[in-house]
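To start, the structure under review is shown below, and the notes come after it.
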């Protein structure tokens, strides 16, 4: 290889980096700390905190879910995008996702991903007078695919494993 072929390959990879403008994220997590009582910061700082499922879509494309409990890996371009402030990250309750993903990435307590590149679809839902739950928004909008139950099932399984 060489010459123009290398040029076009380089252009392809530059184009692929530029196209990742939006990353839609949904995670399922586990922690023995009661989220409702303690809040997201203490929840994510628990020694047994973990991200179980990592769902994502790049630029509105196909939704993919990585089962981190089973050892599945998140693609490197997605991992890089999480810390890239030029990439807009979308999540329902973005504050929760941002804090939990910061922990997943190994950030120390008190240090988190920069919030400026995060957008919260729950806030947008509230602005439009929609319910403040993902399930409620899906029902009102008549979405064919709503929040999957696998995440809740996995969390319940994780809790039962820890209490044995």
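Read-outs: derived from the displayed coordinates by stated rules, not from any lab. Treat the numbers as computed from the prediction; the structure is a model and nothing was measured. A quick note on method: Cβ atoms are made from the backbone with ideal geometry, for glycine too, and the neighbour counts reach across all protein chains shown.
Computing FRET efficiency as 1/(1 + (r/R0)^6) for residue 36 and residue 126, where r is the C-beta to C-beta distance and R0 is 25 Å, gives about 0.85. Distance between the C-alpha centres of region 113-136 and region 34-91: 16 Å, rounded to the whole angstrom. Highest average first, the peptides 83-92, 102-111 ordered by how many other beta carbon atoms sit within 10 Å of their residues are 83-92, 102-111.
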